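Asker: Just passing along the structure, written as structure tokens.
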Amino acid sequence: MANNKKICFNIKLQSHSSEVNRLFSFIQESMGHALIQGCADDKFIHDLKLVTEEWFANIVNHGYADNEAGEIEVELVAVADGIRLTVVDSAQPYNPLENIPGKQPDQDFSQGGMGLIIIKSLTDEQHYSRNGTQNVFSITKHYNSDR
């Protein structure tokens with residue numbers, strides 16, 4: 001981006017699928033500055049929403065025990081040539097980068113499993129860490145990437 005002003009947005013969501021609309025609004029509004037600057041386009045934002053939705057759905061559907069509610073914090077930061085999106089939750093420990101399924105022609109994804117492949121294919125960098133009782137998952141998507 002042209003100026004060096006750090007652009008950072010945060011939102012806290014509950015671990016309920018109904019929160020996905022708030023998540024989409026957050027991404028759209030946060031990315032407004034990048035759109036104005038000509039750094040991002042609608043496809044970039046669509047991909048960012050898709051990646052975030054996949055990760056959010058994984059946390060909501062698999063991260064918390066039955067009927068356990070939790071908070072999910074999402075941070076969007078403009079980096080030199082793209083966007084870094086970090087999702088923090090207190091669900092059970094899970095490193096998604098350890099077991100990303102491979103794309104095998106005969107593999108049946110009708111019951112799920114494509115989310116992590118989508119995340120990896122649409123982003124340039126992925127990082128997971130466990131910070132005390134929290135999962136911290138970050139992705140970076142570069143503006144000029146073919147991903």
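Asker: Specify which of the listed residues (Lys12, Lys103) is at pLDDT below 90 and over 16 Å from Ser138 (Cβ atoms).
Answerer: Step by step, each of Lys12, Lys103 is checked, and only Lys103 is at pLDDT below 90 and over 16 Å from Ser138 (Cβ atoms).
Asker: Quick test for you: out of Ala78, Ala57, Ala69, pick the one residue that is among the aliphatic types (A, V, I, L, M), touching a residue at least 40 places away in the same chain (Cβ under 8 Å) and over 13 Å from Leu13 (Cβ atoms).
Answerer: Sole residue among the options that is among the aliphatic types (A, V, I, L, M), touching a residue at least 40 places away in the same chain (Cβ under 8 Å) and over 13 Å from Leu13 (Cβ atoms): Ala78.
Asker: Please find, within segment 24-76, the residue that is modelled with the lowest pLDDT out of those that are among the hydroxyl-bearing types (Ser, Thr, Tyr) and farther than 21 Å from Asp124 by Cα.
Answerer: Among them, the one singled out is Tyr64.
Asker: Residue pairs, Cβ under 7 Å, 6 or more apart or interchain, first in segment 124-147 and free of Cβ contacts under 8 Å to residues at least 24 places away in the same chain, second in a strand (DSSP E or B) and surrounded by fewer than 17 Cβ atoms within 10 Å (Cβ to Cβ). List them.
Answerer: These pairs meet every condition: Ser129/Val136.
The values are calculated or read from the model by the stated rules, or taken from the named source; none is laboratory data. All values reported here derive from a predicted model rather than from experimental measurement. Quick reminder, even Gly has a Cβ in these numbers, built from the backbone with ideal geometry, and neighbours come from all protein chains shown.
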